[in-house]
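Beneath this line is the structure, given in structure tokens, with notes to follow.
The values are calculated or read from the model by the stated rules, or taken from the named source; none is laboratory data. Just so we're clear, the structure is a prediction, and the values are computed from it rather than from any experiment. Backbone-built Cβ (ideal geometry, glycine too); neighbour counts: all protein chains shown. Surface accessibility is based on the protein's heavy atoms, side chains included, excluding ligands, DNA and RNA. Shrake-Rupley method; radii C 1.70, N 1.55, O 1.52, S 1.80 Å.
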Amino acid sequence: MRASLINIMSDDTLYTKKQKRIVDFAFDEQVASVFGDMLERSIPAYRELIAMLGVFADEYYQKGSVCYDLGCSLGAASFSLANRLQSREQNNTFKIIAVDNSEPMLKRCQSSIKNLSLENNIRTELADINQIDISHASIVVLNFTLQFISIDKRLDLLKKIVQGLNPGGVLILSEKCMFENSNDKEFYEKIYYQYKRANGYSNLEIAQKREALEKVLLAESAETHVQRLKSAGFSSVYRWYQCFQFNSFCAIR
Ligand code: GEK
């Protein structure tokens, strides 16, 4: 399937060796070069989630509108949307804006856009998603990106998205969430680390990556996300997916 086309699939061995000091996780060249493998082995059902974005495009895309993929990384979400929009838009006039502030990610995304001959449909922007304008949108995707935005900026970003969406447009927000209750927290962590081990990560890799992400990936509870989406002005919010701590919400303007 096209949606799974991620051009660089080197193995993620970033945390295999014991590191003297764990530095904060960053979306740099090293991470970008193994990112396809990292996501597929770290996010349960990542491919299915990406493919499902195409189903949302089938339902919610409005002719003449713009789609935004915020924190696009290698472009998987954009390619999934494009795959469905190509099959329904006879003149291929759809427009997707794919934004990321990591140059190594965006370079790889651009080369996939070229390989797929989607230059007329997908425009990339090297920018902070807090700074960009959003308008005439029917679909906005924040697929595991909001969790990297500082918590005090999240409501303003969501308000900007609501304002940039046409009535009836949607935001698909996917996030790794945390649980307030210690039993839930323990259960989901245990089963998630088992999932990572099943995908070939060692205990050392799991521990070192967790430490690297500690101050960078700021997870909140699913309830906090739902409440914030409503406060931002979305009229309906649906949690349409959950596996372990990973959730996806569809918020309709
Ligand atoms: C996927 N959506 O494959 N502005 C722009 N980009 C940002 C910002 C920011 N302020 N902060 C972080 N990013 C993708 C996966 S990854 C998720 C998204 C993960 C970018 C960052 O550079 C990275 O590429 C992306 O958000 C998060 O569906 O690593 O778990």
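Can you give me the ranges of the helices (runs of 4 or more DSSP H) entirely in the range 165-236 with at least 3 residues that are open to solvent by 80 Å² or more (accessible area, probe 1.4 Å) and touching a helix residue (DSSP H, G or I) at 6+ places or on another chain (Cβ under 6 Å)? So that I can check it myself, show each step before the final result.
Numbers: elements: 182-198, 203-213, 222-232.
Passing ranges: none, list empty.
Tell me the residue from Asp24, Asp12 that is out of contact with any Pro (no Cβ under 9 Å at 6 or more places or on another chain), surrounded by fewer than 18 Cβ atoms within 10 Å (Cβ to Cβ) and at negative phi, please. Break it down stepwise before answering.
Working: Asp12 fails: surrounded by fewer than 18 Cβ atoms within 10 Å (Cβ to Cβ).
Testing whether each residue is out of contact with any Pro (no Cβ under 9 Å at 6 or more places or on another chain), surrounded by fewer than 18 Cβ atoms within 10 Å (Cβ to Cβ) and at negative phi leaves just Asp24.
Here is a list of conditions, (1) open to solvent by less than 30 Å² (accessible area, probe 1.4 Å); (2) more than 12 Å from the ligand (Cβ to nearest atom); (3) in a helix (DSSP H, G or I); (4) in contact with a helix residue (DSSP H, G or I) (Cβ under 6 Å, 6 or more places away or on another chain), and Lys159 meets all of them except one; can you say which number that is?
Every condition holds for Lys159 apart from (1).
Scan the range 208-244 for residues that are in contact with a Phe, Trp or Tyr (Cβ under 8 Å, 6 or more places away or on another chain) and of a type in the set (S, T, N, Q) and jot them down.
Gln208, Ser221
Can you confirm whether Glu59 is among the acidic types (Asp, Glu), farther than 21 Å from Leu116 by Cα, at pLDDT 95 or above and open to solvent by 10 Å² or more (accessible area, probe 1.4 Å)? Write out each step before concluding.
Working: among the acidic types (Asp, Glu): yes; farther than 21 Å from Leu116 by Cα: yes; at pLDDT 95 or above: yes; open to solvent by 10 Å² or more (accessible area, probe 1.4 Å): yes.
Against the criterion (among the acidic types (Asp, Glu), farther than 21 Å from Leu116 by Cα, at pLDDT 95 or above and open to solvent by 10 Å² or more (accessible area, probe 1.4 Å)), Glu59 qualifies.
Would you check if Ala137 is closer than 26 Å to Ser231 by Cα and more than 9 Å from the ligand (Cβ to nearest atom)? Even if it seems obvious, please write down each step before you answer.
Working: closer than 26 Å to Ser231 by Cα: yes; more than 9 Å from the ligand (Cβ to nearest atom): yes.
Criteria met by Ala137.
Mind checking which residues of the range 168-210 are within 14 Å of the ligand (Cβ to nearest atom) and either of a type outside the set (Ser, Thr, Tyr) or closer than 30 Å to Ile134 by Cβ (or both)? First the steps, then the outcome.
Of the range 168-210, the ones within 14 Å of the ligand (Cβ to nearest atom) are 171-177, 192, 196, 209-210.
Selection gives Leu171, Ile172, Leu173, Ser174, Glu175, Lys176, Cys177, Lys196, Lys209, Arg210.
In the range 89-109, is there at least one residue being of a type in the set (A, V, I, L, M, F, W, C) and in contact (Cβ under 8 Å) with a residue 40 or more places away in the chain? Break it down stepwise before answering.
In the first step, residues of the range 89-109 are kept if they are of a type in the set (A, V, I, L, M, F, W, C); the result is 94, 96-99, 105-106, 109.
Filter once more, so that each one left must be in contact (Cβ under 8 Å) with a residue 40 or more places away in the chain: 105.
Yes, some residue in the range 89-109 is of a type in the set (A, V, I, L, M, F, W, C) and in contact (Cβ under 8 Å) with a residue 40 or more places away in the chain.
Residues in the range 57-97 that are among the small types (Gly, Ala, Ser) and touching a Gly at 6+ places or on another chain (Cβ under 6 Å): how many?
Start the filter on the range 57-97 by keeping residues that are among the small types (Gly, Ala, Ser), which leaves 57, 64-65, 71, 73, 75-78, 80, 82, 87.
Filter once more, keeping what is touching a Gly at 6+ places or on another chain (Cβ under 6 Å): 80.
Selection size over the range 57-97: 1.
Among the residues of the range 105-122, write down those that are open to solvent by 30 Å² or more (accessible area, probe 1.4 Å) and either assigned to a helix (DSSP H, G or I) or within 15 Å of the ligand (Cβ to nearest atom) (or both). Let's see the steps before the verdict.
Here is the first cut: in the range 105-122, the residues open to solvent by 30 Å² or more (accessible area, probe 1.4 Å) are 107-108, 110-111, 114-115, 117, 119-120.
Once the filter is applied, which keeps residues that are open to solvent by 30 Å² or more (accessible area, probe 1.4 Å) and either assigned to a helix (DSSP H, G or I) or within 15 Å of the ligand (Cβ to nearest atom) (or both), the range 105-122 yields Lys107, Arg108, Gln110, Ser111, Lys114, Asn115.
Tell me the residue from Met52, Met38 that is modelled with pLDDT under 95 and crowded, with 18+ Cβ neighbours inside 10 Å, please. Spell out the reasoning first.
Numbers: Met52 fails: modelled with pLDDT under 95.
The match here is Met38.
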